[in-house]
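J.: Quick one: structure below, then a few questions.
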């Protein structure tokens, strides 16, 4: 069934978009991520302009993370204090990201920036995840005990000033790395149309030693607030949020996420991380291929004004 | 007396438009729809233009050759950036670009036959008949001009517009049902922008442009589509707040519906 999108100004097959929402929602529920890094390229692939795709996916991620936050909140698995500190950096990062997005769009270099960022970010993160999960699987097969993180292990991050105590996560860290992580997530989210969950969770674990009990719920709080504010900022500055497109994606996404979450519970953690790593790397390589291989059309047109 | 007024009108018309000779035929056109409504199920449409050519003067009634027509449809003007990708440090990136200033967003050049069979080269150029002769001014440095149909940016701009079915040329797009009655179909893709469209009809015979007429129609978004588009453009902040609220409501709703604890 064709439906006309009022902002993207093209008709799309409603069931195709709903199906994409379901599929990405399934993956996001399974791995506990927003899935923006999959959704944005898919939308671009079906002919929606990258700018509209990035802006609309922001609200789609807000919806799926909202559903997640409420579930984790009931289980008391959300560290609100930590989330708010991350947010302080996140809001600033989002504002800088939206500004950069607008500037690059005016310069005609938005597509290439999104492309290169996807390649660098996804290949790196995907590679690291695969490496880490394969090591874990091998260790397990050799029968060696898991090297558990020692409780009092300190890195240079813990030497920074402005220390704060986060009760629910049971950590005592400096506010500086917390703000920095928030800023990075907000920034990449606004520029690349991704929630950054797949970046934030490992960062919180490796740099701040946030326990696994609260890491996903807290990550989702940040994703929810940054993506909701990215929606408002994109709508205010670029007028590119397609509410109809976003609604179809949301409905598919939240339903898919429920089934994905059930599928994920039946899998072992390191297998799950390996799968996610492969997926992230594959998307990264897909973007690399697109940048390196000569495009089918060297020319492109874009309206910049009307009389 | 009536005849006297007709002659006076014809004389005035010839004064106003020197290109059209005094022995002009009269052109009457009718368009099937003056308004195209874009709703959620809009996937493009077609508009039919009918018309008759009425030989008014004894001289025009004696014409030996038949009539030929051109119908040019112009959509709202827009400024478009055309960019070219080149390989830079191993990756393909936008390098060169040109801006097309106030060019029609939609352009259909329809005619009964290939234009050069019934119009002179001068007429084709002056009246901008056909896609190749239509002036598409580009911003080149401080100047604005059309470097001609061989320009690679122009060629590719027209090619991309044609691929989106926004620009078209059909040399069999106008059908003469009888020697003086014609019909043409204007196809509008879903991507055709909102705004007013002009239709310019010219009648040719003996390599002369003997009559000219115009018509118009508009494409408007209605109902929900119009509401969303206007809200997004004029009240961006509140629209954004509404979109964010919608997202949170959807999320909350899902967490309630699928709650298992």
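J.: Regarding chain B, what whole-number volume in Å³ per residue does the convex hull of its Cα atoms give?
T.: 223 Å³
J.: Further question on the same structure: With all pairs of different alpha carbon atoms counted, what Kirkwood hydrodynamic radius in Å does the range B:48-123 show?
T.: After inverting the pairwise mean of 1/r, the radius is 17.1 Å.
J.: Next up: For the range A:1-85, report the translational diffusion coefficient in µm²/s to the nearest whole number, using Stokes-Einstein at 10 °C, 1.306 mPa s, and a Kirkwood Rh over Cα pairs.
T.: 112 µm²/s
J.: Quick one: what do you get for the range A:245-294 if you divide its Cα Rg by 2.2 N^0.38 Å?
T.: Working it through for the range A:245-294, the quotient is 1.55.
J.: While we're looking at this one, here's another question. Helix-only mean residue ellipticity at 222 nm, the protein assembly as shown, DSSP H runs n ≥ 4 weighted -39,500 (n - 2.57), per residue, nearest 500. What is it?
T.: -17000 deg cm²/dmol
J.: Let me know the Rg and Dmax you get for the range A:177-298 when you use only its Cα atoms, in Å.
T.: Both quantities, over Cα of the range A:177-298: 16.8, 49 Å.
J.: Now a separate question. How high is the FRET efficiency between residue B:143 and residue A:109 when r is their beta carbon distance and R₀ equals 25 Å, given to the nearest 0.05?
T.: About 0.45, to the nearest 0.05.
J.: Take the range A:2-292, drop everything but the C-alpha atoms, weight them equally and run the Debye formula without solvent; then report log10 I(q)/I(0) at 0.15, 0.16 Å⁻¹ to two decimals.
T.: After summing over all Cα pairs, the log10 values are -1.17, -1.32.
J.: Nearest 10 degrees is fine. How inclined is helix A:110-141 to the longest principal axis of chain A, computing both from alpha carbons?
T.: Here the helix axis deviates by roughly 30 degrees.
J.: If you take the C-alpha gyration tensor of the range B:95-181, multiply each eigenvalue by 5 and take the square root, what semi-axes do you get, largest first, in whole Å?
T.: Working: eigenvalues 155, 44, 19 Å².
Taking √(5λ) for each Cα gyration eigenvalue gives 28, 15, 10 Å.
J.: Could you grab the Rg to Rh ratio for the range B:168-261? Cα atoms only, Kirkwood for Rh.
T.: Values: Rg = 24.8 Å, Rh = 18.7 Å.
Using Cα coordinates only, the ratio equals 1.33.
J.: Using only Cα atoms and rounding to the nearest 10 degrees, what angle (0 to 90) does helix B:2-16 make with the longest principal axis of chain B?
T.: 60 degrees
J.: Follow-up question, since we're still on this one. Mean shadow of the protein assembly as shown, computed from the convex hull of its alpha carbons, in nm²?
T.: Values: hull surface 129.1 nm².
The Cα convex hull of the protein assembly as shown, projected and averaged over all directions, gives 32.3 nm².
J.: Okay, next question. Note the direction-averaged projected area, equal to a quarter of the hull surface, for the Cα convex hull of the range A:19-67, in nm².
T.: Projected over every direction and averaged, the Cα hull of the range A:19-67 covers 3.0 nm².
J.: Separate question: Once you average over the residues of B:40-47, how many Cβ atoms of partner chains fall within 10 Å of each Cβ?
T.: Mean number of neighbouring Cβ atoms from other chains: 3.
J.: Follow-up question, since we're still on this one. Could you state the orientation-averaged shadow area of the convex hull built on the Cα atoms of the range A:172-247, in nm² to one decimal?
T.: Across all orientations, the range A:172-247 yields a mean hull projection of 5.6 nm².
J.: Could you tell me how many degrees, from 0 to 90 and to the nearest 10, lie between the Cα long axis of helix B:152-163 and the main elongation axis, the longest principal axis, of the Cα atoms of chain B?
T.: Here the helix axis deviates by roughly 80 degrees.
J.: Distance between Cα centroids, the range A:245-293 to the range A:1-30: provide it in whole Å.
T.: Using only Cα atoms, the two centres lie 16 Å from each other.
J.: At a threshold of 8 angstrom on Cα-Cα distance, excluding pairs fewer than six apart, so keeping six or more, what relative contact order does chain B reach in percent?
T.: 26 percent
J.: So which residue, out of B:146, B:68, B:234, gets the largest mean-square fluctuation from a GNM of chain B using Cα contacts under 10 Å as springs?
T.: Maximum fluctuation in the GNM of chain B, among the listed residues, is at B:234.
Where a number appears in this text, it was derived from the coordinates with a stated rule and is not lab data. From a predicted model like this one, the values you see are computed outputs, not experimental measurements. Please note: Cβ atoms are built from the backbone with ideal geometry, for glycine as well, and neighbour counts cover all protein chains shown.
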